Amino acid sequence: MFGSKNAPSLSGLSDQIETIIGKDIQIKGTINAGGTIRVDGLVEGEISTKGDIIVGETGEIRAQIKARSATIAGSVHGNTDVMDKLELTSSAKLYGDIKTGILIIGEGAVFKGVCEMRYGKEADGKLVVNPQKS
């Protein structure tokens, strides 16, 4: 339906897509959402969602991204903060720093930046690596 047969699979993303930014759409500004966003067009500014973000092969983001999980098949220029899993498919290009729990990079993907991996459980900004039982 969107992009080619090699478009990222949605099977790993739990929410239904609530917002679609089509390939001929250009948005400048801040996007705040509670659900899953799919970007096939151009977004400049900032994207923040409590859900997931999918960047299709034609998608181009020049923005800071904050999301639960992300699958990127297009181009991202900006820092990406993903709580759970970030997947860069083989066609992805990401230029910016990453903070994530799990990082999957497909063969042929481009990543230029610094990656910070989260581990353990984060609670109220405090990282708990090996909680001891009392």
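Annotations for the structure displayed:
- Verdict on ALA92 being in contact (Cβ under 8 Å) with a residue 60 or more places away in the chain, under 21 Å from GLY45 (Cβ atoms) and buried (at least 17 other Cβ atoms within 10 Å of the Cβ): no
- Subset of the stretch 4-52 (residues that are farther than 14 Å from THR71 by Cα, open to solvent by less than 70 Å² (accessible area, probe 1.4 Å) and at pLDDT below 90): SER4
- Considering the stretch 14-50, the residues that are of a type in the set (Gly, Ala, Ser) and in contact with a Lys or Arg (Cβ under 6 Å, 6 or more places away or on another chain) include one that is farthest from GLY96 (Cα to Cα), namely GLY34.
- The residue that is least open to solvent (accessible area, probe 1.4 Å), among those in the stretch 100-121 that are within 22 Å of THR36 (Cβ to Cβ) and part of a strand (DSSP E or B), is THR100.
The values are calculated or read from the model by the stated rules, or taken from the named source; none is laboratory data. None of these values were measured; they are calculated from a predicted model. No Cβ is skipped: glycine too gets one built from the backbone with ideal geometry, and neighbour counts run over all protein chains shown. The accessibility values were calculated without ligands, DNA or RNA, using every heavy atom of the protein model including side chains. Shrake-Rupley method; radii C 1.70, N 1.55, O 1.52, S 1.80 Å.
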